[in-house]
Amino acid sequence: MISSNNDWLAHNKQQKPRFCRLYDRGITDYSAAWEWQRSLVAERRDNPNLEDVLILLEHPPVYTLGQGASLEFLKFAPERSNCELHRIERGGEVTYHCPGQLVGYPILNLRYYRQDLHWYLRQLEEVLIRVLAFYGLVGERLDGFTGVWLEGRKVAAIGIKVSRWITMHGFAFNVCPDLEGFKQIVPCGISDKPVGSLAEFIPAINKDRVRQQVAASFAEVFAVELIRETLAGD
């Protein structure tokens, strides 16, 4: 995988950089972010020449289920929960979002990269592995699973939806969240591997610095030039 990625990067460095618009936001309601993603994808279906987008944000406490996810991985009755629960169109099982977890939603047209979903998942993992390396930590992949582990703890979950080669959803990177919410589920349907966070290894971790490093690593891995954007009210 590494050699093929290096070949791809070497090829793309010879090309004109593709631009990607970066929206770096704070805590954002899940439903609002979900609808925003859908609108960006719809625009790019109609006009494939539009530039790509990377959204970085955090969510209030919320659980999400992939389109085929099983309710058996919930340890609570959905109708009795005070926490939001959404079944969405990504792959994968149930996961949890909350403040302190950095969520990334890349809206990319893979026709400009590589039309290969396994390649795309490995690239998202690579982004976060490079962020961990920046802090002197060794992120790992596990055979048969999607995501990134750190000393046996899952610190990043990944779930995507791709339609006409345009991506949505993405990754959730546990920087410094309260991990209690994960105890109410079997995260990603994996019962024998604990969830962890970057703050467990670097207690004084600066969340804003991690955001900057994630953006830089994303630009490097996907060979894009980021253009920072703002929305009204930011």
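The values are calculated or read from the model by the stated rules, or taken from the named source; none is laboratory data. Since the model is a prediction, treat every value here as computed from it, not as a measurement. Here the Cβ is made from the backbone with ideal geometry for all residues, glycine too, and neighbour counts use every protein chain on show. Protein only, heavy atoms only, side chains kept; ligands, DNA and RNA dropped before computing areas. Shrake-Rupley method; radii C 1.70, N 1.55, O 1.52, S 1.80 Å.
Solvent-accessible surface of region 53-209, averaged per residue with a 1.4 angstrom probe and all protein chains in place: 42 square angstrom. Which angle between 0 and 90 degrees, to the nearest 10, do you get for helix 117-134 versus the longest principal axis of the chain when only C-alpha atoms count? Orientation of helix 117-134: about 80 degrees from the principal axis.
Remark: the Cα gyration tensor places region 165-225 in the oblate category, a/c being 1.5 or greater and a/b not exceeding b/c.
Separation of region 188-219 from region 140-177 is 11 Å, based on Cα centroids. On the beta carbon distance between residue 142 and residue 205, with R0 = 22 Å, the FRET formula returns roughly 0.40. Give me the net charge of residue 22's neighbourhood, meaning all other residues with Cβ under 9 Å from the Cβ of residue 22; Lys, Arg count +1, Asp, Glu -1. It works out to a net charge of 0.
Counting only Cβ charges, +1 for Lys and Arg and -1 for Asp and Glu, the dipole size of region 118-180 around its Cα centre is about 320 debye. Placing +1 on each Lys and Arg Cβ and -1 on each Asp and Glu Cβ, with no other charges, gives region 59-169 a dipole about its Cα centre of roughly 260 debye. Only protein atoms count toward the accessible area here, which uses a 1.4 Å probe; on region 134-185, the carbon and sulfur part of that area reaches 47 percent. Restricting to DSSP H runs of at least four residues, report the calculated mean residue ellipticity at 222 nm for the chain, -39500 (n - 2.57) per run over all residues, nearest 500 deg cm²/dmol. Rounded to the nearest 500, the figure is -9000 deg cm²/dmol.
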